[in-house]
Amino acid sequence: MTLPDRSALSRRDYLRSLVAVGGASALAACTSEGDDVEIPSGTDDPDSLPERQHAWNDALTRDDDGNVRPPEHHVLVALSLVDDPTDEARERVEAALQELERAYEWSNEGLLFTLGYTPAYFDRFDGSLPDEVDLPEPRAVIGHVDAFDEFDALLHLASDHSQVVLEAEEGLFGEADEFNGQEIETDLMDVFERVDDHRRTGFVGPGLPAEHTDISGVPDSVPEDAPFFMGFRSGFAESQATEDRVTIEDGPFAGATTQHVESMTIQLRTWLEQDSHYQRVAKMFSPEHADEDLTGDIGEALGGSSGLTDERIEATESDARGGVVGHAQKAARAREDGDPLLLRRDFNTVDGDTPGLHFLSLQAGIEEFVRVREAMEGDDLDAPNANNGIRSYIFPNQRGNYLVPPRSLRALPAAAPDEA
Ligand code: HEM
(Lines give C-alpha, C1' and ligand atoms only; values in the text may rest on other atoms or scores of the structure.)
Protein backbone atom coordinates (compact mmCIF):
# COMPACT_ATOMS: atom_id res chain seq x y z
CA MET A 1 0.00 0.00 0.00
CA THR A 2 1.26 3.52 -0.75
CA LEU A 3 2.49 5.53 2.20
CA PRO A 4 1.11 9.03 2.72
CA ASP A 5 3.16 12.00 1.47
CA ARG A 6 5.14 13.21 4.50
CA SER A 7 5.69 16.71 3.09
CA ALA A 8 1.96 17.35 2.66
CA LEU A 9 0.92 16.58 6.24
CA SER A 10 1.47 17.75 9.80
CA ARG A 11 3.38 15.28 11.96
CA ARG A 12 0.25 14.22 13.86
CA ASP A 13 -1.72 13.72 10.69
CA TYR A 14 1.12 11.80 9.11
CA LEU A 15 1.25 9.43 12.11
CA ARG A 16 -2.53 8.99 11.98
CA SER A 17 -2.34 8.26 8.25
CA LEU A 18 0.30 5.60 8.89
CA VAL A 19 -2.02 3.83 11.35
CA ALA A 20 -4.77 3.89 8.73
CA VAL A 21 -2.48 2.39 6.07
CA GLY A 22 -0.94 -0.23 8.38
CA GLY A 23 1.71 -2.80 7.46
CA ALA A 24 5.44 -3.14 8.01
CA SER A 25 6.46 -0.13 5.91
CA ALA A 26 3.99 2.11 7.78
CA LEU A 27 5.49 0.88 11.05
CA ALA A 28 9.03 1.58 9.79
CA ALA A 29 7.99 5.09 8.71
CA CYS A 30 6.31 5.66 12.06
CA THR A 31 9.41 4.55 13.95
CA SER A 32 11.74 6.66 11.83
CA GLU A 33 9.49 9.64 12.50
CA GLY A 34 11.34 9.47 15.80
CA ASP A 35 8.62 9.82 18.38
CA ASP A 36 11.04 9.98 21.29
CA VAL A 37 8.40 9.27 23.87
CA GLU A 38 9.39 6.39 26.07
CA ILE A 39 6.64 3.79 26.16
CA PRO A 40 6.28 2.29 29.66
CA SER A 41 6.79 -1.46 29.75
CA GLY A 42 4.20 -3.87 31.03
CA THR A 43 3.95 -6.25 33.93
CA ASP A 44 6.10 -9.27 34.78
CA ASP A 45 2.95 -10.93 36.02
CA PRO A 46 0.20 -10.69 33.39
CA ASP A 47 -2.11 -12.69 35.65
CA SER A 48 -2.20 -9.67 37.97
CA LEU A 49 -4.19 -7.77 35.31
CA PRO A 50 -7.98 -7.47 35.72
CA GLU A 51 -10.05 -10.55 34.89
CA ARG A 52 -12.33 -8.41 32.71
CA GLN A 53 -10.72 -7.66 29.38
CA HIS A 54 -12.88 -4.54 29.20
CA ALA A 55 -11.56 -3.15 32.51
CA TRP A 56 -9.97 -0.11 30.93
CA ASN A 57 -11.36 2.80 32.96
CA ASP A 58 -8.99 2.49 35.92
CA ALA A 59 -6.06 2.31 33.52
CA LEU A 60 -7.09 5.52 31.74
CA THR A 61 -6.75 9.14 32.80
CA ARG A 62 -9.69 11.48 33.41
CA ASP A 63 -10.31 15.01 32.23
CA ASP A 64 -10.75 17.93 34.65
CA ASP A 65 -14.44 17.08 35.00
CA GLY A 66 -13.81 13.45 35.93
CA ASN A 67 -14.82 11.97 32.54
CA VAL A 68 -12.74 9.01 31.37
CA ARG A 69 -10.40 10.11 28.57
CA PRO A 70 -10.22 7.42 25.85
CA PRO A 71 -6.90 6.44 24.23
CA GLU A 72 -6.21 8.53 21.12
CA HIS A 73 -5.42 5.86 18.52
CA HIS A 74 -7.42 2.75 17.71
CA VAL A 75 -7.14 -0.22 15.36
CA LEU A 76 -9.79 -2.90 14.96
CA VAL A 77 -8.04 -5.93 13.50
CA ALA A 78 -10.53 -8.35 11.92
CA LEU A 79 -9.41 -11.98 12.25
CA SER A 80 -10.34 -15.24 10.66
CA LEU A 81 -9.27 -18.63 12.07
CA VAL A 82 -6.87 -20.68 9.98
CA ASP A 83 -8.06 -24.01 11.49
CA ASP A 84 -10.55 -25.11 14.11
CA PRO A 85 -9.36 -24.28 17.64
CA THR A 86 -7.04 -26.76 19.37
CA ASP A 87 -5.43 -26.59 22.80
CA GLU A 88 -2.13 -25.83 21.13
CA ALA A 89 -3.66 -22.87 19.29
CA ARG A 90 -5.19 -21.65 22.56
CA GLU A 91 -1.81 -21.72 24.24
CA ARG A 92 -0.31 -19.83 21.36
CA VAL A 93 -2.93 -17.07 21.48
CA GLU A 94 -2.58 -16.72 25.24
CA ALA A 95 1.23 -16.62 25.03
CA ALA A 96 1.14 -13.96 22.30
CA LEU A 97 -1.28 -11.77 24.27
CA GLN A 98 0.79 -12.12 27.42
CA GLU A 99 3.81 -10.93 25.48
CA LEU A 100 1.90 -7.74 24.69
CA GLU A 101 1.07 -7.34 28.37
CA ARG A 102 4.71 -7.79 29.38
CA ALA A 103 5.91 -5.33 26.76
CA TYR A 104 3.42 -2.47 27.16
CA GLU A 105 1.95 -0.98 30.33
CA TRP A 106 -1.80 -1.63 30.62
CA SER A 107 -2.69 2.05 30.13
CA ASN A 108 -3.24 4.78 27.56
CA GLU A 109 0.54 5.39 27.60
CA GLY A 110 1.13 1.72 26.83
CA LEU A 111 -1.52 -0.49 25.26
CA LEU A 112 -5.09 -1.52 26.05
CA PHE A 113 -6.77 -4.24 24.04
CA THR A 114 -9.65 -6.70 23.93
CA LEU A 115 -10.19 -9.81 21.84
CA GLY A 116 -13.84 -10.49 21.02
CA TYR A 117 -15.57 -13.31 19.10
CA THR A 118 -18.52 -13.25 16.68
CA PRO A 119 -21.55 -15.58 16.67
CA ALA A 120 -20.03 -17.08 13.48
CA TYR A 121 -16.97 -18.13 15.51
CA PHE A 122 -19.11 -19.92 18.11
CA ASP A 123 -21.19 -21.72 15.45
CA ARG A 124 -18.40 -24.26 14.86
CA PHE A 125 -18.80 -25.83 18.30
CA ASP A 126 -21.20 -28.66 19.16
CA GLY A 127 -22.31 -26.96 22.37
CA SER A 128 -24.20 -23.67 22.48
CA LEU A 129 -23.45 -20.46 24.27
CA PRO A 130 -24.96 -20.43 27.77
CA ASP A 131 -28.24 -18.61 28.42
CA GLU A 132 -26.45 -15.76 30.17
CA VAL A 133 -24.81 -14.76 26.87
CA ASP A 134 -27.06 -12.72 24.57
CA LEU A 135 -25.12 -12.80 21.27
CA PRO A 136 -27.41 -13.00 18.23
CA GLU A 137 -26.22 -12.85 14.63
CA PRO A 138 -25.95 -9.18 13.66
CA ARG A 139 -28.96 -7.81 11.81
CA ALA A 140 -30.13 -4.51 10.38
CA VAL A 141 -31.22 -2.81 13.58
CA ILE A 142 -32.65 0.15 11.74
CA GLY A 143 -34.11 0.31 8.25
CA HIS A 144 -30.87 0.34 6.26
CA VAL A 145 -29.42 -2.62 4.45
CA ASP A 146 -25.92 -2.93 5.85
CA ALA A 147 -23.05 -5.41 5.88
CA PHE A 148 -22.24 -7.63 8.82
CA ASP A 149 -19.06 -8.80 10.53
CA GLU A 150 -19.04 -12.51 9.70
CA PHE A 151 -15.37 -13.24 10.32
CA ASP A 152 -14.31 -14.88 13.60
CA ALA A 153 -12.78 -12.34 15.93
CA LEU A 154 -11.88 -8.71 16.43
CA LEU A 155 -8.79 -7.43 18.21
CA HIS A 156 -9.27 -3.86 19.46
CA LEU A 157 -5.91 -2.16 20.04
CA ALA A 158 -5.83 1.28 21.69
CA SER A 159 -3.05 3.61 22.81
CA ASP A 160 -2.16 7.29 22.92
CA HIS A 161 0.81 6.43 20.70
CA SER A 162 0.24 5.52 17.08
CA GLN A 163 3.46 3.50 16.90
CA VAL A 164 2.25 1.25 19.73
CA VAL A 165 -0.94 0.13 18.00
CA LEU A 166 0.95 -0.38 14.74
CA GLU A 167 3.82 -2.27 16.35
CA ALA A 168 1.46 -4.50 18.34
CA GLU A 169 -0.51 -5.40 15.22
CA GLU A 170 2.50 -5.95 13.00
CA GLY A 171 4.36 -7.92 15.69
CA LEU A 172 1.43 -10.29 16.13
CA PHE A 173 1.55 -10.96 12.40
CA GLY A 174 5.27 -11.46 11.86
CA GLU A 175 6.03 -8.01 10.50
CA ALA A 176 7.95 -6.65 13.50
CA ASP A 177 10.65 -8.30 15.61
CA GLU A 178 10.09 -6.51 18.88
CA PHE A 179 7.30 -5.28 21.10
CA ASN A 180 8.61 -2.13 22.82
CA GLY A 181 12.20 -3.36 22.60
CA GLN A 182 11.39 -6.91 23.75
CA GLU A 183 12.01 -9.68 21.28
CA ILE A 184 8.80 -11.34 20.08
CA GLU A 185 8.67 -15.08 20.66
CA THR A 186 5.10 -15.99 19.78
CA ASP A 187 2.90 -14.52 17.06
CA LEU A 188 -0.63 -15.30 15.94
CA MET A 189 0.16 -16.28 12.39
CA ASP A 190 -0.55 -20.01 12.52
CA VAL A 191 -3.84 -19.36 14.27
CA PHE A 192 -5.39 -16.28 12.67
CA GLU A 193 -5.32 -14.51 9.33
CA ARG A 194 -6.09 -10.82 9.10
CA VAL A 195 -9.19 -9.90 7.10
CA ASP A 196 -7.79 -6.78 5.49
CA ASP A 197 -11.06 -5.52 4.00
CA HIS A 198 -12.49 -5.20 7.49
CA ARG A 199 -9.50 -3.61 9.21
CA ARG A 200 -10.66 -0.34 10.75
CA THR A 201 -8.76 2.53 12.34
CA GLY A 202 -9.49 5.78 14.09
CA PHE A 203 -8.75 8.48 16.61
CA VAL A 204 -10.43 10.51 19.34
CA GLY A 205 -9.27 13.48 21.35
CA PRO A 206 -9.21 17.28 21.45
CA GLY A 207 -7.78 18.70 18.22
CA LEU A 208 -7.44 15.39 16.37
CA PRO A 209 -10.55 15.76 14.14
CA ALA A 210 -9.44 19.25 13.01
CA GLU A 211 -6.16 17.72 11.78
CA HIS A 212 -8.00 15.97 8.96
CA THR A 213 -9.13 18.83 6.79
CA ASP A 214 -6.92 17.45 4.00
CA ILE A 215 -9.71 14.88 3.41
CA SER A 216 -12.30 16.26 1.00
CA GLY A 217 -15.33 15.47 3.19
CA VAL A 218 -13.80 17.23 6.21
CA PRO A 219 -14.42 21.01 6.03
CA ASP A 220 -12.13 23.62 7.63
CA SER A 221 -15.01 24.50 9.92
CA VAL A 222 -14.39 21.47 12.20
CA PRO A 223 -13.91 23.24 15.56
CA GLU A 224 -10.21 23.43 16.43
CA ASP A 225 -10.42 21.80 19.89
CA ALA A 226 -13.30 19.39 19.36
CA PRO A 227 -12.55 15.77 20.28
CA PHE A 228 -15.08 14.44 17.72
CA PHE A 229 -15.80 15.45 14.12
CA MET A 230 -19.34 16.61 14.82
CA GLY A 231 -17.93 19.26 17.11
CA PHE A 232 -18.90 18.26 20.64
CA ARG A 233 -17.45 16.40 23.59
CA SER A 234 -19.02 13.03 24.26
CA GLY A 235 -18.69 10.27 26.80
CA PHE A 236 -19.75 12.28 29.86
CA ALA A 237 -19.49 10.16 32.98
CA GLU A 238 -23.20 10.34 33.77
CA SER A 239 -24.15 9.19 30.28
CA GLN A 240 -21.93 6.13 30.31
CA ALA A 241 -22.74 2.72 31.75
CA THR A 242 -20.25 1.53 34.35
CA GLU A 243 -17.99 -1.44 33.62
CA ASP A 244 -20.00 -3.34 36.26
CA ARG A 245 -23.27 -2.57 34.47
CA VAL A 246 -22.05 -4.04 31.17
CA THR A 247 -20.53 -7.18 32.68
CA ILE A 248 -22.15 -10.61 32.39
CA GLU A 249 -22.26 -11.68 36.01
CA ASP A 250 -23.19 -15.37 36.00
CA GLY A 251 -22.39 -18.59 34.21
CA PRO A 252 -19.20 -19.85 32.59
CA PHE A 253 -18.59 -16.48 30.91
CA ALA A 254 -18.91 -14.44 34.13
CA GLY A 255 -16.71 -11.38 33.70
CA ALA A 256 -17.42 -11.10 29.95
CA THR A 257 -19.28 -8.34 28.11
CA THR A 258 -20.84 -8.03 24.67
CA GLN A 259 -19.55 -5.59 22.10
CA HIS A 260 -21.35 -4.04 19.16
CA VAL A 261 -19.47 -2.21 16.42
CA GLU A 262 -21.49 -0.02 14.05
CA SER A 263 -19.48 1.75 11.37
CA MET A 264 -20.88 4.78 9.60
CA THR A 265 -19.94 7.70 7.41
CA ILE A 266 -20.89 11.24 8.43
CA GLN A 267 -22.17 13.99 6.16
CA LEU A 268 -19.95 16.44 7.94
CA ARG A 269 -19.98 19.36 5.54
CA THR A 270 -23.76 19.60 5.63
CA TRP A 271 -23.79 19.29 9.42
CA LEU A 272 -21.18 21.97 9.98
CA GLU A 273 -22.00 24.36 7.17
CA GLN A 274 -25.74 24.16 6.64
CA ASP A 275 -26.85 24.30 10.28
CA SER A 276 -26.14 27.02 12.85
CA HIS A 277 -24.46 26.26 16.20
CA TYR A 278 -27.89 26.67 17.83
CA GLN A 279 -29.40 24.02 15.53
CA ARG A 280 -26.48 21.67 16.06
CA VAL A 281 -26.82 21.89 19.85
CA ALA A 282 -30.57 21.27 19.61
CA LYS A 283 -30.10 18.26 17.34
CA MET A 284 -27.17 16.77 19.26
CA PHE A 285 -28.42 17.36 22.83
CA SER A 286 -31.92 18.90 23.11
CA PRO A 287 -33.74 22.10 22.14
CA GLU A 288 -33.49 23.23 25.75
CA HIS A 289 -29.71 22.88 25.65
CA ALA A 290 -29.79 25.29 22.70
CA ASP A 291 -32.30 27.74 24.22
CA GLU A 292 -30.42 27.94 27.50
CA ASP A 293 -26.96 27.83 25.93
CA LEU A 294 -25.91 24.94 28.17
CA THR A 295 -23.07 23.46 26.10
CA GLY A 296 -20.66 26.27 25.17
CA ASP A 297 -18.86 25.93 21.83
CA ILE A 298 -17.92 22.26 21.99
CA GLY A 299 -19.65 21.02 25.15
CA GLU A 300 -16.98 22.43 27.49
CA ALA A 301 -19.68 24.08 29.64
CA LEU A 302 -21.26 20.74 30.51
CA GLY A 303 -18.63 19.39 32.95
CA GLY A 304 -19.22 15.77 33.90
CA SER A 305 -22.80 15.44 32.69
CA SER A 306 -24.56 15.83 29.38
CA GLY A 307 -27.13 17.94 31.23
CA LEU A 308 -29.99 15.55 30.56
CA THR A 309 -32.42 15.93 33.44
CA ASP A 310 -35.39 13.59 33.76
CA GLU A 311 -37.61 16.43 32.51
CA ARG A 312 -35.52 16.88 29.35
CA ILE A 313 -35.64 13.17 28.63
CA GLU A 314 -39.37 13.03 29.28
CA ALA A 315 -39.87 16.05 27.00
CA THR A 316 -38.50 14.09 24.00
CA GLU A 317 -41.91 13.45 22.40
CA SER A 318 -43.22 16.96 22.87
CA ASP A 319 -39.93 18.48 21.67
CA ALA A 320 -40.26 16.32 18.55
CA ARG A 321 -43.79 17.60 17.99
CA GLY A 322 -42.36 21.09 18.39
CA GLY A 323 -40.09 20.39 15.41
CA VAL A 324 -36.61 19.44 16.74
CA VAL A 325 -35.39 16.67 19.02
CA GLY A 326 -31.88 15.93 20.32
CA HIS A 327 -29.79 12.79 19.74
CA ALA A 328 -28.63 12.47 23.37
CA GLN A 329 -32.12 13.17 24.70
CA LYS A 330 -33.63 10.46 22.49
CA ALA A 331 -30.98 7.87 23.34
CA ALA A 332 -31.36 8.59 27.06
CA ARG A 333 -34.98 7.39 26.91
CA ALA A 334 -33.56 3.86 27.04
CA ARG A 335 -31.93 4.36 30.45
CA GLU A 336 -33.12 1.92 33.11
CA ASP A 337 -33.85 3.38 36.54
CA GLY A 338 -31.84 6.38 35.42
CA ASP A 339 -28.79 4.31 34.43
CA PRO A 340 -27.38 4.32 30.86
CA LEU A 341 -27.08 0.80 29.38
CA LEU A 342 -24.16 1.33 27.01
CA LEU A 343 -20.50 1.95 27.71
CA ARG A 344 -19.52 3.83 24.54
CA ARG A 345 -15.92 3.58 23.34
CA ASP A 346 -16.46 5.02 19.89
CA PHE A 347 -13.90 6.89 17.79
CA ASN A 348 -13.80 8.84 14.55
CA THR A 349 -12.21 7.61 11.36
CA VAL A 350 -11.20 8.65 7.88
CA ASP A 351 -11.05 5.06 6.62
CA GLY A 352 -11.90 5.11 2.92
CA ASP A 353 -10.93 8.81 2.92
CA THR A 354 -14.36 9.69 4.26
CA PRO A 355 -15.19 11.10 7.69
CA GLY A 356 -16.96 8.56 9.82
CA LEU A 357 -17.40 6.97 13.20
CA HIS A 358 -16.78 3.47 14.45
CA PHE A 359 -19.40 3.29 17.18
CA LEU A 360 -18.09 0.64 19.55
CA SER A 361 -20.21 -0.02 22.61
CA LEU A 362 -20.17 -2.53 25.43
CA GLN A 363 -23.35 -3.75 27.10
CA ALA A 364 -24.47 -6.76 29.11
CA GLY A 365 -26.38 -8.16 26.11
CA ILE A 366 -26.91 -7.21 22.46
CA GLU A 367 -30.65 -6.78 23.02
CA GLU A 368 -29.78 -3.74 25.15
CA PHE A 369 -27.82 -2.22 22.29
CA VAL A 370 -30.77 -2.77 19.96
CA ARG A 371 -33.15 -1.12 22.41
CA VAL A 372 -30.94 1.95 22.81
CA ARG A 373 -30.29 2.16 19.06
CA GLU A 374 -34.02 2.13 18.35
CA ALA A 375 -34.60 4.84 20.96
CA MET A 376 -31.80 6.84 19.34
CA GLU A 377 -33.30 6.41 15.86
CA GLY A 378 -36.62 7.76 17.11
CA ASP A 379 -38.85 6.32 14.38
CA ASP A 380 -41.69 6.75 16.86
CA LEU A 381 -41.17 10.52 17.04
CA ASP A 382 -43.06 13.10 15.14
CA ALA A 383 -40.17 15.28 13.95
CA PRO A 384 -39.03 15.97 10.38
CA ASN A 385 -36.15 13.63 9.42
CA ALA A 386 -33.58 16.45 9.25
CA ASN A 387 -34.48 17.56 12.78
CA ASN A 388 -34.74 14.11 14.34
CA GLY A 389 -31.41 14.20 16.20
CA ILE A 390 -28.42 13.44 13.99
CA ARG A 391 -29.96 10.58 12.04
CA SER A 392 -30.05 12.33 8.70
CA TYR A 393 -26.30 13.06 8.89
CA ILE A 394 -25.02 9.54 9.59
CA PHE A 395 -24.98 6.55 7.24
CA PRO A 396 -24.34 3.21 8.96
CA ASN A 397 -22.81 0.65 6.63
CA GLN A 398 -21.55 -2.23 8.75
CA ARG A 399 -22.25 -3.84 12.08
CA GLY A 400 -21.00 -6.72 14.16
CA ASN A 401 -21.74 -8.42 17.48
CA TYR A 402 -19.04 -9.90 19.70
CA LEU A 403 -18.56 -11.64 23.00
CA VAL A 404 -15.55 -10.23 24.83
CA PRO A 405 -14.80 -13.12 27.23
CA PRO A 406 -13.10 -12.73 30.59
CA ARG A 407 -9.32 -12.76 30.36
CA SER A 408 -9.09 -16.40 31.47
CA LEU A 409 -11.23 -17.46 28.47
CA ARG A 410 -9.97 -14.98 25.89
CA ALA A 411 -7.94 -17.53 23.89
CA LEU A 412 -10.32 -19.35 21.53
CA PRO A 413 -13.06 -20.18 24.04
CA ALA A 414 -15.50 -23.01 23.34
CA ALA A 415 -19.17 -22.03 23.16
CA ALA A 416 -19.81 -24.10 26.28
CA PRO A 417 -16.51 -23.80 28.18
CA ASP A 418 -17.80 -25.96 31.06
CA GLU A 419 -18.29 -28.90 28.70
CA ALA A 420 -15.09 -28.44 26.71
C1 HEM B 1 -21.58 10.19 14.55
C2 HEM B 1 -22.36 9.56 15.41
C3 HEM B 1 -22.59 10.00 16.84
C4 HEM B 1 -22.21 11.13 17.49
C5 HEM B 1 -21.42 12.31 16.97
C6 HEM B 1 -22.71 11.04 18.84
C7 HEM B 1 -22.55 12.01 19.82
C8 HEM B 1 -23.14 11.98 21.06
C9 HEM B 1 -23.08 13.05 22.01
C10 HEM B 1 -22.34 14.38 21.80
C11 HEM B 1 -23.76 12.65 23.10
C12 HEM B 1 -24.03 13.49 24.35
C13 HEM B 1 -22.87 13.54 25.25
C14 HEM B 1 -22.70 12.32 26.11
O15 HEM B 1 -23.49 12.12 26.99
O16 HEM B 1 -21.78 11.54 25.89
C17 HEM B 1 -24.23 11.33 22.86
C18 HEM B 1 -24.93 10.57 23.75
C19 HEM B 1 -25.33 9.27 23.50
N20 HEM B 1 -25.24 8.60 22.31
FE21 HEM B 1 -24.36 9.25 20.64
N22 HEM B 1 -23.36 9.84 18.98
C23 HEM B 1 -23.31 9.19 17.78
C24 HEM B 1 -23.83 7.95 17.50
C25 HEM B 1 -24.48 7.16 18.41
C26 HEM B 1 -24.95 5.83 18.12
C27 HEM B 1 -24.83 5.07 16.80
C28 HEM B 1 -25.52 5.39 19.26
C29 HEM B 1 -26.13 4.02 19.39
C30 HEM B 1 -27.10 3.71 20.16
C31 HEM B 1 -25.40 6.44 20.26
C32 HEM B 1 -25.85 6.36 21.57
C33 HEM B 1 -25.74 7.35 22.50
C34 HEM B 1 -26.14 7.19 23.89
C35 HEM B 1 -26.71 5.93 24.52
C36 HEM B 1 -25.90 8.40 24.53
C37 HEM B 1 -26.11 8.73 26.00
C38 HEM B 1 -27.55 8.86 26.35
C39 HEM B 1 -27.69 8.98 27.86
O40 HEM B 1 -27.20 9.97 28.43
O41 HEM B 1 -28.29 8.08 28.45
N42 HEM B 1 -24.78 7.50 19.70
N43 HEM B 1 -23.86 10.93 21.60
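The values are calculated or read from the model by the stated rules, or taken from the named source; none is laboratory data. None of these values were measured; they are calculated from a predicted model. So basically every Cβ, Gly included, is an ideal-geometry build from the backbone, and we count neighbours across all protein chains shown.
Do you know which residues across the range 272-304 are within 26 Å of the chain's Cα centre (by Cα) and over 18 Å from G322 (Cα atoms)? Full working, then the answer.
Let us first name the residues in the range 272-304 that are within 26 Å of the chain's Cα centre (by Cα), namely 272, 280-286, 295-304.
Result: L272, T295, G296, D297, I298, G299, E300, A301, L302, G303, G304.
For D339, work out the one condition from (1) within 16 Å of F359 (Cβ to Cβ); (2) within 13 Å of the ligand (Cβ to nearest atom); (3) not aromatic (F, W, Y) it doesn't fulfil.
(1)
Among the residues of the range 237-251 satisfying the criterion of being assigned to a loop (DSSP other than H, G, I, E, B) and either polar (S, T, N, Q) or surrounded by 22 or more Cβ atoms within 10 Å (Cβ to Cβ) (or both), which is nearest to the ligand (Cβ to nearest atom)? Give the derivation first.
Step one: filter the range 237-251 for residues assigned to a loop (DSSP other than H, G, I, E, B), giving 240-251.
Narrowing the set further to residues that are either polar (S, T, N, Q) or surrounded by 22 or more Cβ atoms within 10 Å (Cβ to Cβ) (or both) leaves 240-242, 246-248.
Working: Q240: 7, A241: 9, T242: 13, V246: 12, T247: 18, I248: 19 Å.
That would be Q240.
Can you find a residue in the range 252-269 that is surrounded by fewer than 18 Cβ atoms within 10 Å (Cβ to Cβ), within 20 Å of I390 (Cα to Cα), basic (K, R) and within 15 Å of the ligand (Cβ to nearest atom)?
Within the range 252-269, the first condition is being surrounded by fewer than 18 Cβ atoms within 10 Å (Cβ to Cβ), and the residues that meet it are 254, 267, 269.
Filter again for within 20 Å of I390 (Cα to Cα), leaving 267, 269.
With basic (K, R) added as a condition, the list becomes 269.
If we keep only those that are within 15 Å of the ligand (Cβ to nearest atom) too, we end up with 269.
Checking the range 252-269: at least one residue is surrounded by fewer than 18 Cβ atoms within 10 Å (Cβ to Cβ), within 20 Å of I390 (Cα to Cα), basic (K, R) and within 15 Å of the ligand (Cβ to nearest atom).
Just the residues that are without any contact (Cβ under 8 Å) to a residue 40 or more places away in the chain and outside any loop (DSSP other than H, G, I, E, B), please, taken from the range 282-312. Lay out the reasoning, then the answer.
Residues of the range 282-312 that are without any contact (Cβ under 8 Å) to a residue 40 or more places away in the chain, as a first pass: 287-294, 296, 301, 307, 309-312.
Selection gives P287, E288, H289, A290, D291, A301, D310, E311, R312.
Restricting to the range 361-387, name every residue that is closer than 28 Å to V75 by Cβ, near the ligand (Cβ under 10 Å from one of its atoms) and among the aliphatic types (A, V, I, L, M).
Of everything in the range 361-387, those that are closer than 28 Å to V75 by Cβ, near the ligand (Cβ under 10 Å from one of its atoms) and among the aliphatic types (A, V, I, L, M) turn out to be V370, V372, M376.
Could you tell me whether A176 is in a loop (DSSP other than H, G, I, E, B), away from the ligand (no atom under 16 Å from the Cβ) and small (G, A, S)? Quick ask: steps written out before the conclusion?
On the way: in a loop (DSSP other than H, G, I, E, B): yes; away from the ligand (no atom under 16 Å from the Cβ): yes; small (G, A, S): yes.
So A176 passes the test.
Please verify whether the range 44-53 includes one or more residues that are of a type in the set (D, E), under 22 Å from H358 (Cα atoms) and modelled with pLDDT of 80 or more.
no
Among the numbered criteria (1) in contact (Cβ under 8 Å) with a residue 12 or more places away in the chain; (2) out of contact with any strand residue (DSSP E or B) (no Cβ under 7 Å at 6 or more places or on another chain); (3) farther than 27 Å from T349 by Cβ, which one does E99 miss?
(2)
Restricting to helices (runs of 4 or more DSSP H) lying wholly in the range 316-413: which have 3 or more residues that are surrounded by fewer than 23 Cβ atoms within 10 Å (Cβ to Cβ)? Talk me through it step by step, then tell me what you get.
Working: elements: 316-322, 327-331, 366-377.
Qualifying helices (runs of 4 or more DSSP H): 316-322, 366-377.
Looking at this structure, is L15 surrounded by 15 or more Cβ atoms within 10 Å (Cβ to Cβ), among the hydrophobic types (A, V, I, L, M, F, W, C), in contact with a Phe, Trp or Tyr (Cβ under 8 Å, 6 or more places away or on another chain) and closer than 19 Å to L112 by Cβ? Before you say what the answer is, go through the steps one by one.
Values: surrounded by 15 or more Cβ atoms within 10 Å (Cβ to Cβ): yes; among the hydrophobic types (A, V, I, L, M, F, W, C): yes; in contact with a Phe, Trp or Tyr (Cβ under 8 Å, 6 or more places away or on another chain): no; closer than 19 Å to L112 by Cβ: yes.
Here the answer is no, as L15 does not meet what is asked.
Being over 20 Å from N401 (Cα atoms) and outside any helix (DSSP H, G or I) is the filter here, so list the residues in the range 252-275 that pass it. Walk me through it before giving the result.
Residues of the range 252-275 that are over 20 Å from N401 (Cα atoms), as a first pass: 266-275.
Of everything in the range 252-275, those that are over 20 Å from N401 (Cα atoms) and outside any helix (DSSP H, G or I) turn out to be I266, Q267, D275.
For the range 65-109, how many residues are modelled with pLDDT of 95 or more, part of a loop (DSSP other than H, G, I, E, B) and among the small types (G, A, S)?
1
In the list G356, G303, which residue meets the criterion of being in contact with a strand residue (DSSP E or B) (Cβ under 6 Å, 6 or more places away or on another chain) and of a type in the set (G, A, S)?
Working: G303 fails: in contact with a strand residue (DSSP E or B) (Cβ under 6 Å, 6 or more places away or on another chain).
Being in contact with a strand residue (DSSP E or B) (Cβ under 6 Å, 6 or more places away or on another chain) and of a type in the set (G, A, S) holds for just one of G356, G303, which is G356.
Anything in the range 18-32 that is surrounded by 15 or more Cβ atoms within 10 Å (Cβ to Cβ) and either touching a residue at least 60 places away in the same chain (Cβ under 8 Å) or touching a strand residue (DSSP E or B) at 6+ places or on another chain (Cβ under 8 Å) (or both)? List them, or say none.
Within the range 18-32, L18, V19, A20, G22, G23, A26, L27, C30 qualify.
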